[in-house]
Amino acid sequence: MKHLLKLSDLTPAEIEEILNLADQLKYDQQHGIDHRYLKGKTLGMIFQKSSTRTRVSFETGMYHLGGQALFLSSRDLQIGRGEPVEDTARVLSRYLDGIMIRTFAQSEVEDLAKYGSIPIINGLTDYCHPCQVLADLMTIREHKGELKGLKMTFVGDGNNMANSLIVGGIKSGMEVAVACPAGYKPDAGIMKWAAENGTFTCTEDIAAAVKDSDVVFTDVWASMGQEEEKAEREKVFKEYQVNEEFMSLAHKDAMVQHCLPAHRGEEITAETFEKHAAEIFDEAENRLHAQKAVLVLTMGSKN
């Protein structure tokens with residue numbers, strides 16, 4: 001695997017390989033087994049968007065793997081002052097062994113990969129969030145034993161999380177349903193692909209989407225960069241809340257997942273969040289293990 005730009009670039013077998021290695025690395029860490037597969041290597045971490053989980057998990061992951069990580073904000077790079085992405089990519093390729101970038105435009109990630117000569121990992125864009133969804137799939141598999149045949153439902157804004165969950169779910173053999181208001185649907189191209197390659201529905205009816213689900217996802221109503229839309233989005237999404245009423249329509253042992261941060265009382269009630277807190281924080285922890293697997297498979301070798 002050369003890069004991780006978006007999940008649609010990966011085959012089902014490659015996704016499974018990442019999850020299997022993530023499981024092994026988690027086991028190793030829990031049992032004190034050394035896995036410094038990236039000893040002496042350096043990951044540059046470009047942050048155009050701030051993050052708690054992305055920064056800490058990647059930085060810690062590189063330490064566990066024997067390498068080091070450099071935090072690079074837009075204030076630290078000439079890219080924040082107008083240097084073309086292609087020039088930044090070619091320069092950093094001569095210093096670093098890999099780049100993780102968390103930014104707005106998917107094109108910026110794709111251009112880094114096009115013009116650079118080192119692995120590029122997408123830490124989040126407005127289009128997709130592949131690292132988060134790999135951790136999500138890992139968590140579901142831990143709790144359910146397998147992914148194929150399960151029903152995954154996403155409730156809320158058809159954002160980057162919805163886009164990646166659709167792709168990751170379909171490629172893993174899951175049925176995927178999305179419930180979102182009109183005008184806030186996931187990417188049209190992704191929905192078309194999902195309908196042609198698996199069992200997929202997108203509806204405004206939350207009850208229909210959640211019915212018989214094995215895992216229910218949600219996310220904040222206003223993502224980073226949408227703060228000015230917060231008041232309007234609260235009106236639009238007020239009915240799109242994961243709560244006990246809707247969870248009663250899912251399977252009795254259904255999981256709830258949230259990529260965090262969570263706004264209790266908005267996209268999810270405090271009651272439902274706390275009831276499923278163990279699953280949600282397993283999901284948060286698994287960012288570390290899934291990303292370590294991606295780092296090993298792109299930047300080094302586990303042999």
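Derivation of every value follows stated rules applied to the coordinates shown; laboratory data play no part. The structure presented is a predicted model; accordingly, all values stated were derived computationally and were not measured. Neighbour counts are summed over all protein chains in view; Cβ atoms, including those assigned to glycine, are modelled from backbone coordinates with ideal geometry.
Summary table below
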quantity: Sorted by Cβ neighbour density within 10 Å, fewest at the top, the residues Phe71, Phe246; calculated: Phe71, Phe246
quantity: Relative pair counts by distance (%), Cα atoms of the stretch 132-284, 10 Å bins; calculated: 12, 46, 36, 6, 0
quantity: Burial order of peptide ranges 51-60, 130-139 (average beta-carbon count within 10 Å, highest first); calculated: 130-139, 51-60
quantity: Sequence of His289, His276, His64 once ranked by neighbouring C-beta atoms within 10 Å, starting from the fewest; calculated: His64, His276, His289
quantity: Relative contact order (%) - the stretch 132-284, alpha-carbon pairs under 8 angstrom, separation at least six; calculated: 24 percent
quantity: The stretch 1-125: Rg to Rh, with Rh as the Kirkwood radius over Cα pairs; calculated: 0.97
quantity: For the chain, the fraction of alpha-carbon pairs in successive 20 Å shells from zero, as %; calculated: 35, 57, 8
quantity: Burial ordering of Met247, Met255, fewest other beta-carbon atoms within 10 Å first; calculated: Met247, Met255
